[in-house]
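Structure first, then comments.
The values are calculated or read from the model by the stated rules, or taken from the named source; none is laboratory data. Note that the coordinates shown come from a computational prediction; the quantities given were computed from them, not determined experimentally. Methodologically, a virtual Cβ is constructed for each residue, glycine included, from the backbone with ideal geometry; neighbour enumeration extends over all protein chains shown. Surface accessibility is based on the protein's heavy atoms, side chains included, excluding ligands, DNA and RNA. Shrake-Rupley method; radii C 1.70, N 1.55, O 1.52, S 1.80 Å.
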Amino acid sequence: MKYIFLIAASFYANTALSADTNLNGFCSDSNSFGEREPSPQNFGEVEADPPNLNEVESEVKLSPIIMSSSNGAPVGVDTDWTISIISADVDSDGDLDIIAGNVDATNKLYLNTGNGRFSEVGINIGNEEDTTTALATGDLDGDGDLDLIVGNAGQAIKVYLNDGCGAYSAIGTSVGLDTDETFAVVLTDVDRDGDLDLAIANMDQPNRLYMNQGDGVFVFARNIGSGSNTSFALVAGDIDLDGDVDLIVGNNRGQNMLYLNDGYGDFGNGIAVGDESNDTWKLALGDINGDGYLDLIAGNNDYRATNKLYINNGGVFSSATNVGVEMHQTYDVALGDLDGDGDLDLVTADLYYNKKRYLNDGHGSFSKKGTEFGLRSERATSINVGDFNGDGALDVIAGIDYGINRLYFNNGGNN
């Protein structure tokens, strides 16, 4: 199975919904998931002046804050193989927590204390040791907190419901009967009935759509497109601005495909995006040039091709333009305004060539060559952005291949 991931992997397309309040009022430290140690301390509170950031306070071990380091700050001490990494306010305390999807190990939750410091030992999510390739969070059962979808390669997709305090169900509930080679999952309301449905991308099997019954129970609806592709990436967004959510699938050795929604969750046979048949492992959507339409970034794990940008011209994608000049093994891509100038910049995780940052010039063009950060020895297989320390600047989290996951704090400006 490791061979599969070294040649082909894709990561989550995460649709996270916010939860601003704790609906349960009081959350006990005794919960149904993982091995969290009891503590009288509130995870949402941070002492104003802790005497030593490396000390163990109460019974909660915290990673030290490293506000400026090319090596990044460690997230926990676990050395799993993290294929997918996402952030979400799991415990509804107003800051971003981190979820790591791992290969042949339990997936882990790292709770944020509110200052960009995380629990040293990750909390187990369930007890399964699946081959997790993709994660997504959203309120699946309508109770106001963030539940979790886990996509697995060779095992069933799992649902973990949140109890409102950041505690996930002890065992995941399987979605359907299929044990596909799933490499991407997206939560989005495709039929506009007010709940989050599930779309998945599979390797050498049909891509599928499951409809939410409103309580977090998913029922297979239909295949996405016709036939089977080697699909590793999937994103959702209103491409043609008609008020419904469309899908884009990233394929290996085949053209990427756009599936336009008819408004009721039917997507037809799809439209090719560009003329390329690259090894696309990850996609990202965002308004790159500020015209109000969602543009597309394709991250390619291909020594013969750069990563690509497709500009959306009124619901139709233009021919590809190169992002940078590098032809590297890109495992993941993420968009965010890193330098605070009002446009979307790009970060990439390149397995053998480090993590890179590409700044947007404000007109939809990226820097010609990416700026590396972190160490090349930290082989990143997933990447995401979020404000983890609450200073208003987007930081970067990277999932590492059999190493400690790393957090890179943004000190503002171009740093």
Mind listing whichever residues of region 78-131 are small (Gly, Ala, Ser) and within 16 Å of ILE383 (Cα to Cα)? SER84, SER87, ALA88, ALA100, GLY101
Assess whether ALA320 counts as being open to solvent by 20 Å² or more (accessible area, probe 1.4 Å), among the aliphatic types (A, V, I, L, M) and touching a Lys or Arg at 6+ places or on another chain (Cβ under 9 Å). yes
Which numbered condition trips up SER87, out of (1) open to solvent by less than 10 Å² (accessible area, probe 1.4 Å); (2) not in a loop (DSSP other than H, G, I, E, B)? (1)
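Is it true that some residue in region 219-235 is closer than 26 Å to ASP287 by Cβ and in contact with a Ser or Thr (Cβ under 6 Å, 6 or more places away or on another chain)? Give the derivation first.
Of the residues in region 219-235, the ones closer than 26 Å to ASP287 by Cβ are 224-225, 231-235.
Those left that are additionally in contact with a Ser or Thr (Cβ under 6 Å, 6 or more places away or on another chain): 232-233.
Yes: region 219-235 contains one or more residues that are closer than 26 Å to ASP287 by Cβ and in contact with a Ser or Thr (Cβ under 6 Å, 6 or more places away or on another chain).
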When region 252-262 is checked residue by residue, the ones that are more than 9 Å from ASN278 (Cβ to Cβ) and assigned to a strand (DSSP E or B) are MET257, LEU258, TYR259
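Would you pick out the residues in region 96-115 that are more than 18 Å from the chain's Cα centre (by Cα) and either modelled with pLDDT of 95 or more or open to solvent by less than 20 Å² (accessible area, probe 1.4 Å) (or both)?
If the condition is that a residue be more than 18 Å from the chain's Cα centre (by Cα) and either modelled with pLDDT of 95 or more or open to solvent by less than 20 Å² (accessible area, probe 1.4 Å) (or both), then ALA105, THR113 are the ones that fit.
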Could you tell me which residue of region 335-377 is most open to solvent (accessible area, probe 1.4 Å), considering only residues that are part of a loop (DSSP other than H, G, I, E, B) and charged (D, E, K, R)? LYS368
State all residues of region 298-317 that are under 18 Å from ARG357 (Cα atoms) and crowded, with 21+ Cβ neighbours inside 10 Å; if no residue qualifies, say none. ALA298, GLY299, ASN300, ASN301, ASN307, LYS308, LEU309
Among the residues of region 187-196, is there at least one that is in contact with an Asp or Glu (Cβ under 6 Å, 6 or more places away or on another chain) and open to solvent by less than 10 Å² (accessible area, probe 1.4 Å)? yes
Which residues, counting only those in region 128-145, are part of a loop (DSSP other than H, G, I, E, B) and either within 15 Å of GLY101 (Cβ to Cβ) or basic (Lys, Arg) (or both)? GLU128, GLU129, ASP130
Among the candidates ASN300, ASN289, ASN322, single out the residue that is farther than 30 Å from ASP244 by Cβ and either in a strand (DSSP E or B) or of a type in the set (S, T, N, Q) (or both). ASN322
Listed residues ASP401, ASP395; which is within 20 Å of the chain's Cα centre (by Cα), in contact (Cβ under 8 Å) with a residue 12 or more places away in the chain and within 23 Å of ASP295 (Cα to Cα)? ASP395
Could you tell me whether any residue of region 365-377 is small (Gly, Ala, Ser), free of Cβ contacts under 8 Å to residues at least 40 places away in the same chain and within 26 Å of TYR402 (Cβ to Cβ)? yes
Mind telling me which of the residues GLY172, GLY250, GLY254 ends up being among the small types (Gly, Ala, Ser) and either in contact with a helix residue (DSSP H, G or I) (Cβ under 6 Å, 6 or more places away or on another chain) or surrounded by fewer than 24 Cβ atoms within 10 Å (Cβ to Cβ) (or both)? GLY254
